[in-house]
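Here the structure is laid out as structure tokens; the discussion comes afterwards.
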Amino acid sequence: RAKEAGRGRCATFDPMMNDEIQHKTTLARDLRCALAGEGGLAVHYQPQIDLATGRVCGFEALARWTHPRLGNVPPIEFIRVAESSHLICDLGTWILREAAGQAKAWLAAGEPACKVSVNVSAAQIWASDFAADVARVLAETGLPPHLLCLELTESLLADHEEGRVLAALQSLKRQGVMLSLDDFGTGYSSLGYLTQLPFDTLKIDRVFIDGIAESSRSRELLRGIVALGHGLGLNLVGEGAEKAEEVAILRDLGCDEVQGFVFARPTIAAEALAYAHRCARAAERGGEGGATADR
Ligand code: C2E
Ligand code: MG
Ligand code: MG
Ligand code: MG
């Protein structure tokens, strides 16, 4: 009879779901090992190009994980696992320290000042000691706060009262770090928060850039977003440009910076820096901006 009851319960259990839970549990366990120093975690850097000069003005730090058995796990996947297994704070702090340390190392080596942008999950912001973690990393690495940009998505606004979000962001602003709203336009439905929260930069999601070369309606939407951002005094970064025509349109519309495969994919620090040098040399040779699709 017990067997029957057991089988009854199993019947309500979706075996696919079971596999997925198993997979996530394995990933969480292995991610914990990676964070404990077993290796496999890395930070890649994607150059951000200043459209007015053609020079690289910043880098976005993006987490990479090579699993010992599964190989490269997409960031979307392991970040989600980290978020649901309370590992995101440790992972986030590790990436923050790596990226800030790298930016400071470049500065110390005489490279022109470039900001480094680090993605921050909502769960990190709500951890009581996030602002303290940021302060500690800045103190340890010696990176000037204005060269650190924290990228937050609209999702952090979803289930929190406005007052708490504002207080959290203000405490970060008091430290002098920059705040960027990532994936703008893809999440939250109200725009009211834009006037209240102390963002410095707005990252225009790839969905608003994809198609601008072909569609005048897409271009008009983008023009509106640029006007909105600039009207609020925000720096605008176009994300995910894949074509030279898209860059030309973004420049015409007055977008400040672009990040996308058309310029450079995320890569190891040394390669990202080498790309910045190529852009700087091209800009020095004169003429129109330094960065082009094939550099
Ligand atoms: P995101 O912060 O919006 O990062 C930009 C993503 O767009 C990156 O994907 C980048 O490789 C990709 N991308 C850049 N240019 C192009 C382009 O021209 N075309 C296309 N199709 N894609 C482009 P990636 O590295 O796979 O990261 C995906 C997401 O994972 C990030 O989106 C971010 O939300 C999250 N993520 C990555 N690293 C971290 C991290 O260290 N912490 C947290 N909390 N999230 C992270
Ligand atoms: Mg980002
Ligand atoms: Mg984004
Ligand atoms: Mg995105």
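The values are calculated or read from the model by the stated rules, or taken from the named source; none is laboratory data. Because the structure is predicted, anything quoted here is derived from the model rather than measured. Every residue, glycine as well, gets a Cβ built from its backbone with ideal geometry; the counts of neighbours run over all protein chains shown. We work out accessible area using only protein heavy atoms, side chains counted, and drop any ligands, DNA or RNA first. Shrake-Rupley method; radii C 1.70, N 1.55, O 1.52, S 1.80 Å.
Points worth noting:
- Any pair with Cβ under 8 angstrom, 6 or more apart, that starts in segment 245-262 at a residue that is outside any helix (DSSP H, G or I) and ends at one that is at pLDDT below 95 and open to solvent by 30 Å² or more (accessible area, probe 1.4 Å): Val262/Ala293
- Matching residues, segment 196-207, being of a type in the set (A, V, I, L, M) and within 16 Å of ligand 3 (Cβ to nearest atom): Leu202, Ile204, Val207
- Taking segment 205-219 as the range and being assigned to a loop (DSSP other than H, G, I, E, B), in contact with a strand residue (DSSP E or B) (Cβ under 8 Å, 6 or more places away or on another chain) and charged (D, E, K, R) as the test, only Asp205 passes.
- Beta carbons closer than 7 Å, at least 6 apart along the sequence or on distinct chains, pair a first residue in segment 195-217 that is free of Cβ contacts under 8 Å to residues at least 40 places away in the same chain with a second that is away from ligand 4 (no atom under 16 Å from the Cβ) and among the hydroxyl-bearing types (Ser, Thr, Tyr) for Gly211/Ser218; Ile212/Ser218.
- When residues of segment 150-174 are limited to those that are in contact with a Leu (Cβ under 7 Å, 6 or more places away or on another chain) and under 30 Å from Gly110 (Cβ atoms), the one farthest from ligand 3 (Cβ to nearest atom): Lys173
- Those residues of segment 175-195 which are under 15 Å from Leu152 (Cα atoms), hydroxyl-bearing (Ser, Thr, Tyr) and away from ligand 3 (no atom under 16 Å from the Cβ), in sequence order: Tyr193
- Restricting attention to segment 70-92, the residues being in contact with a strand residue (DSSP E or B) (Cβ under 6 Å, 6 or more places away or on another chain) and either touching a residue at least 24 places away in the same chain (Cβ under 8 Å) or not in a strand (DSSP E or B) (or both) number 3.
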